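The values are calculated or read from the model by the stated rules, or taken from the named source; none is laboratory data. Please read all numbers here as calculations on a predicted model, not as lab measurements. Cβ: placed from backbone, ideal geometry, glycine included. Neighbour counts: every protein chain shown.
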Amino acid sequence: MVKQYCESCGAEVTNDGSFCISCGAKIEQKKLYSEPLRSSYSEDMQGETKVYSRPKEKEVKTRPKRKGLIAIPIILAIIIIPVITLTTISSIKTELGTFTYEVPMTVGTAVDLNVNNDIGSISIYYDDTLTNLFESVITVKGGLRASLDNAVNFNHEIVGNTTVITFNFQNPSSSFLNMKSISHEIEIYINPQAIVDFNVESDTGSIDCYAENYDNVVIANLEFASSTGSIDFIAEDMFNLTIGDVILETSTGSIDFDLSSSTNSSLTALELATSTGSIDVDLGTFTYLNCSIIDIYTSTGSIDIEYTNIMYSNDIEWEVSTSTGSIYLTFEQTVIPIKNITMDFTLETSTGSIGVDCHITASIGIEMEGATSTGSVDLPNGHDYYISPDFALKSSQYSFHMSTSTGSITGNVQY
């Protein structure tokens, strides 16, 4: 027979007993042990010292730490640190030197200016202190292995009565870590007497043109294009500024065409486009629009347009659109146009608000319609369609077609 012992004191007990005869503890069959228990205390029974102990608690085994988790940060550090280092090296540019260039006024004032710059900003200034037709300063910067010998300067030639001025540079595509790449930061100074046909491009860099407080400046055409960079044309306090076609395009960057404090300017075309960036347009006062279409577009960005008493000889369609951004048109037309014409404005955005605020003479008829999927429409009569009294009988007629998917539409007319 197997001997059994009390769980509480370790004394031997019989199988049919309900209580231990030594300690009086209730006996549960499932808690009996077939070997004496040893305890940390001793007890003297009939001259014999017996030592009891409780059973050892079950040992809890812990899982070993996974070495792979420790290795992950080390692997990431091995990958990231060289990438950061190489990126830093490729971005280092130091100044290598400067170039200057001058074109005297010899055969006449007509200039074809062609600039194609790979990396670097282009700034153009009209300066009546010049005795030359054209001047430039180029600051050349390069990577750790770049050389000034690989940089270029302007050149020019006389073709008939026109001075053709050219700058063209593209970095080699095989330059390791861009260490041989070169940037040209170009500053151009134009004599206000020059009649310039601008064709200016920058792959990576902004393009700016500034003219201030000059009269009778003539720009044959104004074409600026940038892949990554903003484009600004700022004409302040100009009188009788004549511009041919205005085409300003960039992929990533804002556009600012500003004639805000100029009067009696004229344009034959206006096309402004960017993929990512806002567009601001101020056509100044008494600007003459000798065109039939005005196209202003951005994919992501807002559009703001202002003008005061523009003049025109043709019916004009305004195509103004953005995918994500608001459109605001503010104008004053209190002077009767030269001839009876119609102005048709199409203002469209997917996500954004549209607002039109106009102060006009009573001889101009106004028609407005607004449509939105999620948003409100508030036209002068409180509805989504408004037409001024005797619209069809007015000498000039302005129509506004405004639509957005998500955003509000407001129209305000003041006579």
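Tabulated values for the structure
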read-out: Selection from the range 359-391 of residues that are on the phi < 0 side of the Ramachandran plot and small (Gly, Ala, Ser); value: 362, 363, 365, 370, 371, 373, 376, 388
read-out: Top-ranked residue in the range 207-254 [being over 18 Å from residue 112 (Cα atoms) and of a type in the set (Asp, Glu); ranked as farthest from the chain's Cα centre (by Cα)]; value: 215
read-out: Candidate set from the range 88-138 (those that are of a type in the set (S, T, N, Q) and part of a strand (DSSP E or B)); member that is surrounded by the most Cβ atoms within 10 Å (Cβ to Cβ); value: 117
read-out: Hits in the range 281-299 (condition: within 26 Å of the chain's Cα centre (by Cα), closer than 19 Å to residue 223 by Cβ and surrounded by fewer than 18 Cβ atoms within 10 Å (Cβ to Cβ)); value: 295
read-out: Matching residues in the range 385-415 - criterion: being modelled with pLDDT of 95 or more and among the acidic types (Asp, Glu); value: none
read-out: Residue within the range 330-350 that is out of contact with any Phe, Trp or Tyr (no Cβ under 8 Å at 6 or more places or on another chain), modelled with pLDDT of 95 or more, among the aliphatic types (A, V, I, L, M) and assigned by TED's automatic domain parsing to the domain that holds residue 302 present; value: no
read-out: Near pairs, Cβ below 8 angstrom, 6+ apart or cross-chain, from the range 332-352 (closer than 19 Å to residue 410 by Cβ and free of Cβ contacts under 8 Å to residues at least 60 places away in the same chain) to any residue that is assigned to a strand (DSSP E or B) and acidic (Asp, Glu); value: 346/317; 346/319
read-out: Members of the range 379-415 found to be within 15 Å of residue 332 (Cα to Cα) and out of contact with any strand residue (DSSP E or B) (no Cβ under 6 Å at 6 or more places or on another chain), listed by number; value: 415
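So that you can scan it fast, the table gives a plain yes or no per residue for (1) under 21 Å from residue 339 (Cα atoms); (2) hydrophobic (A, V, I, L, M, F, W, C):
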{"site": "241", "(1), (2)": "no, yes"}
{"site": "252", "(1), (2)": "no, no"}
{"site": "267", "(1), (2)": "yes, yes"}
{"site": "273", "(1), (2)": "no, yes"}
{"site": "294", "(1), (2)": "yes, yes"}
{"site": "298", "(1), (2)": "no, no"}
{"site": "308", "(1), (2)": "yes, no"}
{"site": "311", "(1), (2)": "yes, yes"}
